[in-house]
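Have a look at the structure below before the remarks.
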Amino acid sequence: MTILFVVISALAVFAIAAITIGREARRLDSVAPRAVYDLDEAVEFVAARLPSDSQARLTYEELRKLLKAHMQWLHAKGLQPRDVIDRRQDIEDEVVVGEETVTAFLLGQAESLRIEVLDDVDVVHVVRGHLDYFEAIGAVGPRADEIDS
């Protein structure tokens with residue numbers, strides 16, 4: 001009788017654990033991952049990846065302004081929503097952010113931000129580094145050229 005009670009108890013505990021773990025796994029799968037963007041960390045990350053020529057021409061403050069302008073552009077395009085914590089994923093269409101578009105926007109913003117861009121390639125490197133940072137923190141999906149058609 002005791003052995004039967006132990007077996008039934010073990011099965012009940014296993015069933016409860018399986019149901020609970022399955023329910024939580026399903027809930028977490030439907031929630032957007034928590035990617036935490038830290039501007040100071042982003043500046044350090046991008047600065048470390050810039051070629052030495054670009055590092056010599058851009059200050060940390062200029063880099064910070066460019067990254068903030070990029071984030072504002074993303075927000076204006078609806079790619080940086082306000083409430084993302086524990087929000088169900090509701091992305092229906094694939095969104096592709098082209099480096100060229102962001103680079104052109106930042107080159108246009110540089111003048112209003114009082115950043116003297118001596119070589120346009122510096123902004124190209126900033127955009128690539130910033131997109132690499134997004135990828136490192138898990139804030140973006142795969143690159144468009146990596147998706148199988």
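What to note about this one:
- Taking the numbered list (1) surrounded by 14 or more Cβ atoms within 10 Å (Cβ to Cβ); (2) modelled with pLDDT under 90 in turn, ARG88 passes all entries but (1).
- Count of residues meeting criterion [free of Cβ contacts under 8 Å to residues at least 60 places away in the same chain, open to solvent by 60 Å² or more (accessible area, probe 1.4 Å) and over 25 Å from the mean Cα position of the chain (by Cα)] in region 108-137: 4
- Among the candidates ARG23, ARG49, residue that is of a type outside the set (Phe, Trp, Tyr), in contact with a helix residue (DSSP H, G or I) (Cβ under 7 Å, 6 or more places away or on another chain) and open to solvent by 90 Å² or more (accessible area, probe 1.4 Å): ARG49
- Sub-7 Å Cβ pairs linking a first residue in region 15-33 that is within 27 Å of ALA136 (Cβ to Cβ) and outside any helix (DSSP H, G or I) to a second residue that is open to solvent by 70 Å² or more (accessible area, probe 1.4 Å) and at pLDDT below 85, at least 6 apart or interchain, are SER30/ARG88; SER30/GLN89; VAL31/ASP86; VAL31/ARG87; VAL31/ARG88; ALA32/ARG87; ALA32/GLN89, ordered by first then second residue.
The values are calculated or read from the model by the stated rules, or taken from the named source; none is laboratory data. The shown structure was predicted, so the numbers you read here are calculated from the model rather than taken from an experiment. Note that we place each Cβ from the backbone using ideal geometry, even for glycine, and neighbour counts take in every protein chain shown. When the accessible area is computed, the model is the full protein with side chains, heavy atoms only, and any ligands, DNA or RNA have been set aside. Shrake-Rupley method; radii C 1.70, N 1.55, O 1.52, S 1.80 Å.
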